[in-house]
Amino acid sequence: MKKKVSLKDIAEIVGVSTATISYVLSKGEENRVSPKMAAKIKKVAKELNYQPNQIAKSLKSGRTFTIGLIVADISNPFFANIARIIEDEAKKRDYTVIFGSSDESEDKSRDLIRFLSNRQVDGFIIAPTEKSIDQIEQLKAQNIPFVLIDRYFPELETSYVVINNYQAAYDAVSRLIDTGHSSIGVISYSQGLFHMRERVRGYKRAVLDHGLNFKKTWMKEVSYANAKKEVEAAIDQLVSKRKEVSALFFATNTLAVHGLKHIDRLKLKVPDDVGVVCFDQGEAFDFYYCPLTYVKQPLVELGTAAVNILIDQISRKNKGYSRTSLEAELIVRDSCTRLEKHMDV
C-alpha cells in the first residue's frame with residue numbers, strides 16, 4: 001500500500017519546517033510566507049498529490065467544513081442548478097455541501113435540519129418551507145449560522161439572498177399586456193410563503209396599473225401535493241371551457257410544465273390560442289415547439305452570495321445580518337407575441 005504523503009515529506013523536499021508547510025497550505029493566500037516560497041510549496045504538494053487530514057483539520061479549527069443545503073426539490077431544475085452553483089462555490093472555499101429536499105414539508109424540513117445538525121455541519125443554506133419559521137427561530141436561538149435563499153420570512157430578522165419577485169412578476173405580466181392581452185390568468189401555489197405572495201401581488205398590480213377589468217376568478221391557486229390535477233382543472237376553467245383569459249402567467253417552472261402539457265392535450269396552440277409567460281427556465285422548455293418567455297433568475301449570483309455570506313458568518317467575519325435582493329431578467333421569446341386580434345371574453 002502506498003504511503004500517504006505527509007507535511008514532513010513536503011518539508012524535506014522544499015527545505016523548510018513542517019510548520020511553514022502547514023501554514024501555507026491551511027491559510028492559502030492569507031499567509032506571511034513569501035509569494036515565491038508559497039508557490040513552490042503548493043507546487044510540490046500538488047505534484048505529490050498531498051491530501052490534508054480533514055479530521056485533524058476539524059479538531060484544530062472546531063469546524064467540519066461542511067454546509068447543509070435544504071431546498072424544496074432537488075429534481076426541480078431551478079434548485080438543481082442552484083445546488084450545483086453552491087457546491088462549486090463552496091469547493092473554492094474548501095467546503096463540502098450535503099443536500100436534502102424538504103418537498104415543501106415542514107416535518108421533512110425539521111428532520112433534515114436535525115439530521116444535518118447531528119452531522120455537525122458548520123452552517124445551513126435553506127429555502128424554507130411554509131410554516132417552518134419556528135425552525136429558523138430555533139437555529140437563531142442556537143447561534144447556528146444560516147442563510148435563507150429564494151424565500152425568507154419578512155417578520156423575522158435573518159440573512160437572506162432572494163430576488164425582487166414583485167418586480168419580476170410585474171414586468172412579466174406587463175409584457176403580456178403590451179402584446180395585446182387584456183385578460184390574463186395566474187396559476188400559483190397556494191402557500192403563505194412570501195416569495196409566492198409577492199409574485200401574485202406583482203401580477204395583480206400590473207393588471208390594475210394597466211387599467212384592465214380585473215377579475216378574482218383569473219387567480220388560481222394549487223397545492224404542492226396535487227399540483228398536476230389542480231393545474232389542469234385551473235386551465236380547463238380559465239382557457240378551455242369558459243375561455244375567461246387569453247394568456248396565462250405561471251408562477252413557477254413546474255407549474256408551467258404541468259400547464260403546457262395540458263394545453264397540448266387540449267390541442268390549444270401557444271401563442272395563437274393562449275399566450276404564456278412563466279417564472280424560471282427549465283430544460284424541458286428547450287424541447288417545446290414554441291420558445292417561452294420567462295423570468296430568468298440570476299442563479300450564479302444567488303448561489304455565490306449565499307455561500308460567501310454563510311462562510312463569513314461561520315468565520316465570524318460578519319456578525320450582523322446580510323440582506324441581498326437581486327433583480328431578475330425577463331427573457332422575451334415567442335410565447336407572448338403581439339396579438340393580431342383580441343379574444344372576446
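GNM remark for the chain: springs join alpha carbons under 10 Å apart, and the peak mean-square fluctuation among 95, 23, 203 falls on 23.
Sites count as exposed loop sites when they are GluC sites (Glu not before Pro), lie in a DSSP loop, and have at most 12 other Cβ atoms within 10 angstrom; the longest stretch of the chain without one is 158-326. Checking every one of the trypsin sites (Lys or Arg not before Pro) in the range 211-255 against DSSP loop status and a limit of 11 other Cβ atoms within 10 Å picks out 242. Loop-located chymotrypsin sites (Phe, Trp or Tyr not before Pro) in the range 249-326 (DSSP state not H, G, I, E or B) with no more than 13 neighbouring Cβ atoms inside 10 Å: 289, 321. Take the alpha-carbon centre of the range 177-238, take the same for the range 58-117, and report the distance between them in whole Å. If we compute the Cα centre of each part, the gap is 31 Å.
Of all DSSP bridge pairs formed entirely within the chain, close to 10 percent run antiparallel. Taking 0.36 nm per residue of separation and subtracting the Cα-Cα distance, full extension of the segment from residue 284 to residue 92 would add 66.1 nm.
Throughout, read-outs are computed from the coordinates displayed, never taken from laboratory work. Please read all numbers here as calculations on a predicted model, not as lab measurements. Here Cβ is always computed from backbone atoms with ideal geometry, including for glycine, and neighbour counts include all displayed protein chains.
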